[in-house]
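Colleague: This is the structure, below, for whatever I ask next.
The values are calculated or read from the model by the stated rules, or taken from the named source; none is laboratory data. As the structure is a computational prediction, the values presented were derived from the model and not from experiment. Note: ideal-geometry Cβ built from the backbone for every residue, glycine included; neighbour counts use all protein chains shown.
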Amino acid sequence: MKRNWRNKAHYLLFVVAVLLAGCNSGEHSAHDDEQYSCSMHPQVIQDKPGRCPICGMDLVRTARSGEEVKITKKLGYLLKPVNSVVTASIKTVFPVRKASEIVIEAKGTITHDTRKIATISTRFGGRIEKQYIKYRFQPIHKGQKILEIYSPELVTAQRELLYLLDKDAGNIEMIRSSRVKLHLLGLTESQVGQIVSSGKESYSFPVYSPVEGYIMEHSESGPAAFPTPAEADQPMDESSGLKIREGMYVKTGESIFTVVSHSAVWAEFDLYPKEAPYVKLNDPVTITLDDSPEEHMESKVSFIQPFIKDGENRTKVRMYLSNPHSHYHAGQLVSAALTTSSGNSIWIPANARLDLGTRDIVFIKRYGVFRPMVISIGRRSTDWIEVLAGLDPRDSVAYNAQFMVDSEGYIKVNQKD
């Protein structure tokens with residue numbers, strides 16, 4: 001009996017040892033099937049967790065044969081095609097049909113007002129005895145004496161009047177004709193009265209300026225240049241001296257000086273052909289001096305003149321400016337903001353348009369896909385651009401066209417039907 005019990009005990013111990021060995025071998029085989037790899041460098045494979053020797057990322061366990069990976073919500077989003085994710089996140093807008101206020105910017109200069117140019121000429125010939133104008137661009141006032149001329153013709157006319165008054169005082173008609181002759185030669189009634197009261201002729205008679213402004217040398221084509229602040233009030237030198245000098249003779253009716261008035265000036269701007277059709281007379285304009293950006297003046301379009309410059313069609317726009325205190329001078333650079341209004345047209349955000357140099361395009365979304373389309377643009381108003389052709393208000397366009405350009409910068413454009 002004792003021997004049988006021992007045999008049974010040995011048998012049970014043998015069975016337990018076999019079972020334990022089978023369990024241990026199963027665990028090792030399952031563990032031996034696991035492999036770990038780097039998601040960035042799949043050539044790195046290990047049989048235990050660790051870090052990638054190349055990039056240092058944690059190794060992840062690879063799926064065993066027949067094992068399925070459960071797709072969660074977050075993992076499903078990451079597994080979507082890249083194009084569909086990017087396209088879904090692009091902001092789109094619809095074109096807007098509206099009337100908008102347009103501001104056209106232009107550069108120009110202050111020029112002289114040719115309506116304020118006067119010519120000083122002599123009504124009698126003679127020799128210049130005294131000259132009060134010493135240099136070009138010298139400022140003068142209306143009624144200021146600029147010359148004194150000795151005129152034999154004027155001396156003779158005075159002597160005729162004095163002779164009649166002395167020898168033939170009853171000849172009223174001849175005396176009246178003699179006085180009229182002196183008036184026609186440029187003498188005023190007070191000057192004639194002074195001659196009569198004194199009983200002596202004068203040998204030197206003054207010439208007065210008819211307007212206020214700056215003296216310029218007279219030429220057949222008018223003033224060659226308008227005085228600038230740096231040129232005005234400068235002393236005479238070889239470059240600014242006048243050809244007319246004391247001791248010279250002038251003829252009757254000869255033009256001596258040109259006086260350019262500063263009481264009014266022009267602001268002139270050149271527009272490009274695409275802007276010119278939208279500017280009309282009396283459109284409001286805000287003018288800014290380039291050397292004083294904080295200074296603004298309000299005016300309106302007073303004159304529009306098409307012309308050709310350097311083989312291109314241009315349009316000159318002019319504004320009349322009052323300048324009683326000579327604050328503005330010819331040659332000053334100015335900027336203008338011309339305000340006009342558009343009709344009921346189609347507008348898109350400026351960011352939605354891509355300028356290719358020779359063409360302008362937008363990206364239209366059709367069936368979830370963006371396609372480039374050629375458009376024709378018009379005016380621009382702040383952050384909006386007018387579309388003349390190529391777009392329908394029902395088209396959905398990408399808000400940022402620059403974002404749609406691929407890395408190679410190549411766009412295959414189809415013309416819209």
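Residue by residue, here is whether (1) without any contact (Cβ under 8 Å) to a residue 24 or more places away in the chain; (2) surrounded by 14 or more Cβ atoms within 10 Å (Cβ to Cβ) holds:
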residue: P306; (1), (2): no, no
residue: D310; (1), (2): yes, no
residue: K316; (1), (2): no, yes
residue: A330; (1), (2): no, yes
residue: V334; (1), (2): no, yes
residue: G357; (1), (2): yes, no
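Colleague: Looking only at region 249-285, how many residues end up being hydroxyl-bearing (S, T, Y), in a loop (DSSP other than H, G, I, E, B), surrounded by fewer than 17 Cβ atoms within 10 Å (Cβ to Cβ) and at pLDDT 80 or above? Spell out how you get there, then give the answer.
Modeller: First, the residues of region 249-285 that are hydroxyl-bearing (S, T, Y): 249, 252, 255, 258, 261, 263, 272, 278.
Still in the list and also in a loop (DSSP other than H, G, I, E, B): 252, 261, 263, 272.
Going one step further and asking which of them are surrounded by fewer than 17 Cβ atoms within 10 Å (Cβ to Cβ), we end up with 252, 263, 272.
The next check asks that each one be at pLDDT 80 or above; those that pass are 252, 263.
Residues in region 249-285 being hydroxyl-bearing (S, T, Y), in a loop (DSSP other than H, G, I, E, B), surrounded by fewer than 17 Cβ atoms within 10 Å (Cβ to Cβ) and at pLDDT 80 or above: 2 in total.
Colleague: Got a sec? Which of Y278, Y272, Y320 is in contact (Cβ under 8 Å) with a residue 60 or more places away in the chain and out of contact with any strand residue (DSSP E or B) (no Cβ under 6 Å at 6 or more places or on another chain)? Give the derivation first.
Modeller: Values: Y278 fails: out of contact with any strand residue (DSSP E or B) (no Cβ under 6 Å at 6 or more places or on another chain); Y272 fails: in contact (Cβ under 8 Å) with a residue 60 or more places away in the chain.
Result: Y320 is the single residue among Y278, Y272, Y320 that is in contact (Cβ under 8 Å) with a residue 60 or more places away in the chain and out of contact with any strand residue (DSSP E or B) (no Cβ under 6 Å at 6 or more places or on another chain).
Colleague: Still on this structure, I have one more. Is there any pair linking a residue in region 342-355 that is at pLDDT below 80 to one that is in a helix (DSSP H, G or I), with Cβ under 8 Å and at least six apart or on different chains, and which?
Modeller: The qualifying pairs are S342/Y278.
Colleague: Right, another one. Quick check on region 348-394: of everything there that is within 24 Å of the chain's Cα centre (by Cα) and basic (K, R), which residue is farthest from P95 (Cα to Cα)?
Modeller: Taking the candidates together, the pick is R359.
Colleague: Next question. Any chance you could count how many residues in region 87-129 are closer than 30 Å to G390 by Cα and among the small types (G, A, S)? Spell out the reasoning first.
Modeller: If we filter region 87-129 for residues that are closer than 30 Å to G390 by Cα, which is where we start, we get 87-106.
Remaining after also requiring among the small types (G, A, S): 88-89, 99-100, 106.
Counting residues in region 87-129 that are closer than 30 Å to G390 by Cα and among the small types (G, A, S) gives 5.
Colleague: For K73, are the conditions met, namely being among the basic types (K, R), modelled with pLDDT of 85 or more and either surrounded by fewer than 15 Cβ atoms within 10 Å (Cβ to Cβ) or out of contact with any Leu (no Cβ under 7 Å at 6 or more places or on another chain) (or both)?
Modeller: Values: among the basic types (K, R): yes; modelled with pLDDT of 85 or more: no; either surrounded by fewer than 15 Cβ atoms within 10 Å (Cβ to Cβ) or out of contact with any Leu (no Cβ under 7 Å at 6 or more places or on another chain) (or both): yes.
No; evaluated as a whole, the condition is false for this residue.
Colleague: Follow-up question, since we're still on this one. Go through region 149-163 and count every residue that is surrounded by 20 or more Cβ atoms within 10 Å (Cβ to Cβ), touching an Asp or Glu at 6+ places or on another chain (Cβ under 8 Å) and under 15 Å from R179 (Cβ atoms).
Modeller: Result for region 149-163: 1.
Colleague: Filter the strands (runs of 3 or more DSSP E) completely within region 333-374 down to those with at least 1 residues that are small (G, A, S) and on the phi < 0 side of the Ramachandran plot.
Modeller: Details: elements: 333-341, 345-349, 360-366.
Fully inside region 333-374 and qualifying: 333-341, 345-349.
Colleague: Between Q138, Q144, which is crowded, with 20+ Cβ neighbours inside 10 Å, within 22 Å of H325 (Cα to Cα) and not aliphatic (A, V, I, L, M)?
Modeller: Values: Q144 fails: crowded, with 20+ Cβ neighbours inside 10 Å.
So the residue among Q138, Q144 that is crowded, with 20+ Cβ neighbours inside 10 Å, within 22 Å of H325 (Cα to Cα) and not aliphatic (A, V, I, L, M) is Q138.
Colleague: Which ones in region 360-374 are among the aromatic types (F, W, Y) and in contact (Cβ under 8 Å) with a residue 12 or more places away in the chain? Quick ask: steps written out before the conclusion?
Modeller: Residues of region 360-374 that are among the aromatic types (F, W, Y), as a first pass: 363, 367, 370.
Result: F363, F370.
Colleague: Let me ask another. Looking only at region 118-134, filter to residues that are within 44 Å of the chain's Cα centre (by Cα) and either crowded, with 16+ Cβ neighbours inside 10 Å or of a type in the set (G, A, S) (or both); which one of those is nearest to V250 (Cα to Cα)?
Modeller: Residues of region 118-134 within 44 Å of the chain's Cα centre (by Cα): 118-121, 133-134.
Checking the rest, the ones that are also either crowded, with 16+ Cβ neighbours inside 10 Å or of a type in the set (G, A, S) (or both) come to 118, 120-121, 133.
On the way: A118: 18, I120: 12, S121: 9, I133: 15 Å.
Once the filter is applied, the top-ranked residue is S121.
Colleague: From S335, S345, S322, S299, which residue is within 28 Å of A401 (Cα to Cα) and not hydrophobic (A, V, I, L, M, F, W, C)?
Modeller: So the residue among S335, S345, S322, S299 that is within 28 Å of A401 (Cα to Cα) and not hydrophobic (A, V, I, L, M, F, W, C) is S345.
Colleague: Yes or no: A337 modelled with pLDDT under 85, assigned by TED's automatic domain parsing to the domain that holds S292 and of a type in the set (A, V, I, L, M)? Full working, then the answer.
Modeller: Numbers: modelled with pLDDT under 85: no; assigned by TED's automatic domain parsing to the domain that holds S292: yes; of a type in the set (A, V, I, L, M): yes.
The answer is no for A337.
Colleague: Between P324, P293, which is in a strand (DSSP E or B) and not assigned by TED's automatic domain parsing to the domain that holds Y214? So that I can check it myself, show each step before the final result.
Modeller: Details: P324 fails: in a strand (DSSP E or B).
Going through P324, P293 in turn, just one is in a strand (DSSP E or B) and not assigned by TED's automatic domain parsing to the domain that holds Y214: P293.
Colleague: Let me spell it out: the conditions are (1) loosely packed, with under 14 Cβ neighbours inside 10 Å; (2) at pLDDT 85 or above, and S221 meets all of them except one. Which number is the exception?
Modeller: The failed condition is (2).
Colleague: Keeping to region 109-147, report how many residues are closer than 29 Å to L333 by Cα and hydrophobic (A, V, I, L, M, F, W, C).
Modeller: Total meeting the criteria: 5.
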